[in-house]
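Single-structure report; data block below.
The values are calculated or read from the model by the stated rules, or taken from the named source; none is laboratory data. In this text, all values refer to a predicted model and were calculated from it rather than measured experimentally. Neighbour counts are summed over all protein chains in view; Cβ atoms, including those assigned to glycine, are modelled from backbone coordinates with ideal geometry. Note: areas computed on protein heavy atoms with side chains; ligands, DNA, RNA excluded. Shrake-Rupley method; radii C 1.70, N 1.55, O 1.52, S 1.80 Å.
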Amino acid sequence: VQLQASGGGSVQAGGSLRLSCAASGLTASSYDMGWFRLAPGKEREFVAAIRRSGGMLFYSDSVKGRFTISRDNTENTVYLQMNSLRPEDTAVYSCAAGRPPLSTIRTPRSYSYWGQGTLVTVSS
């Protein structure tokens, strides 16, 4: 199983980036997919998640209204559109796949598979 995250980069505050997570070795439509981020000196933080059907979306309060998670099951890919980026969004963003209960969909340890991460740097 491999989750390949891409799309990170350096942008100025207010800019946008679109992250992609391509899954191989598993059928993405059978898994819930999540995005998490890790900033220096901080714990891994939940960003967004999408249920396997695509019908339920979850966001952290810090990104709600600015980020959008989506999935294309035909392409086995999950996306994270990030708009109105802020310096505090700077982190390594990783995607994850799992079958967590709804109560723990925001919990990293609920996910079985992880990608290597892509760095997002937002300058002021």
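Listed by position, the strands (runs of 3 or more DSSP E) enclosed by region 1-57 that each have at least 2 residues that are in contact (Cβ under 8 Å) with a residue 60 or more places away in the chain and under 17 Å from Ile69 (Cα atoms) are 2-6, 17-24, 32-38. Thr121 meets the stated requirement of being among the polar types (S, T, N, Q) and in contact with a strand residue (DSSP E or B) (Cβ under 7 Å, 6 or more places away or on another chain). Would you check which residues across region 1-49 are touching a strand residue (DSSP E or B) at 6+ places or on another chain (Cβ under 7 Å) and among the hydroxyl-bearing types (Ser, Thr, Tyr) and list them? Passing the criteria: Ser6, Ser10, Ser16, Ser20, Ser24, Tyr31. When Arg86 is tested against the conditions (1) open to solvent by 50 Å² or more (accessible area, probe 1.4 Å); (2) modelled with pLDDT under 95, the lone failure is (2). Of the residues examined, Arg71 is not one that is of a type outside the set (Val, Ile, Thr), under 18 Å from Gly115 (Cα atoms) and touching a Leu at 6+ places or on another chain (Cβ under 7 Å).
Looking only at residues that are part of a loop (DSSP other than H, G, I, E, B) and among the hydrophobic types (A, V, I, L, M, F, W, C) in region 68-124, which one is farthest from Ala39 (Cα to Cα)?
Ile105
Within this structure, Arg106 fails the test of being at pLDDT below 95, open to solvent by 30 Å² or more (accessible area, probe 1.4 Å) and basic (Lys, Arg).
Pairing residues of region 109-124 that are farther than 21 Å from Ser16 by Cβ with residues that are in a loop (DSSP other than H, G, I, E, B) and among the β-branched types (Val, Ile, Thr), at Cβ distances under 7 Å and at least 6 apart in sequence or on separate chains, gives Tyr113/Val1.
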